[in-house]
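K.L.:
After the structure tokens below, expect a handful of questions from me.
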Amino acid sequence: MKSYHHQDRAEAVILKAPDADLMGDGSGILIIDDLVDSGKTIELVRANYPKAHFATVYAKPLGRPMVDTFITEVSQDTWIFFPWDMALQYVQPYRGTD
């Protein structure tokens, strides 16, 4: 699933779906995500697998009702930078250049 392009929200789309026969209606399936923001992405997944259990690390108020389990609630305007979202950048060393 993808619903962001960098920091810009976009329409939620399915990039790669699991085998439909394996997933069924989601019974006995645990779906884990890093964050629920508006809930639009999970809404699309939940429509496909209504009986799955949805868990997130972070939940924002608009999306919190869409998940069954979450660890930490954060404000709606909080932007979380995850390591997998960060591009490697070269930084000039502070020492050893003189």
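Values in this text are rule-based calculations from the coordinates and carry no lab data. Bear in mind that the values here come from a model prediction, so they are computed numbers and not experimental data. We place every Cβ from the backbone using ideal geometry, glycine too, and count neighbours over all the protein chains shown.
K.L.:
Apply the Karplus parameterisation 6.51 cos²θ - 1.76 cosθ + 1.60, with θ equal to phi minus 60°, to every residue of the range 50-60 and state each ³J(HN,Hα) to the nearest whole Hz, in sequence, with x for glycine and proline.
P.N.:
So the J values, rounded to whole Hz, are x, 9, 6, 9, 9, 10, 9, 6, 10, 10, 9.
K.L.:
Here's another thing I want to ask about it. Across the chain, where is the longest run that never hits chymotrypsin sites (Phe, Trp or Tyr not before Pro) in a DSSP loop with at most 16 other C-beta atoms within 10 Å?
P.N.:
That would be 1-78.
K.L.:
Next up: Farthest toward the dipole's positive end in the range 26-87, which of 47, 82, 35, given Cβ charges of +1 (Lys, Arg) and -1 (Asp, Glu) about the Cα centre?
P.N.:
Of the listed residues, the answer is 47.
K.L.:
Another question, then. Among 75, 38, 27, which comes first, then next, by fewest other beta-carbon atoms within 10 Å?
P.N.:
75, 27, 38
K.L.:
Could you derive backbone 3J(HN,Hα) for the range 62-67 from the dihedral phi with the Karplus parameters 6.51, -1.76 and 1.60 (θ = phi - 60°), listing whole Hz in sequence and x where the residue is Gly or Pro?
P.N.:
Values per residue, Gly and Pro as x: 5, x, 3, x, 7, 9 Hz.
K.L.:
What number, in percent, do you get for the relative contact order of the chain if the mean sequence gap of Cα pairs under 8 Å and at least 6 apart is divided by its residue count?
P.N.:
Worked out over the chain, it gives 20 percent.
K.L.:
Under 5 Å between amide H atoms, partner at least 5 residues away or on a different chain: which partners does residue 74 have, H built in plane at 1.01 Å?
P.N.:
Distant-sequence amide H within range of residue 74: 59, 60.
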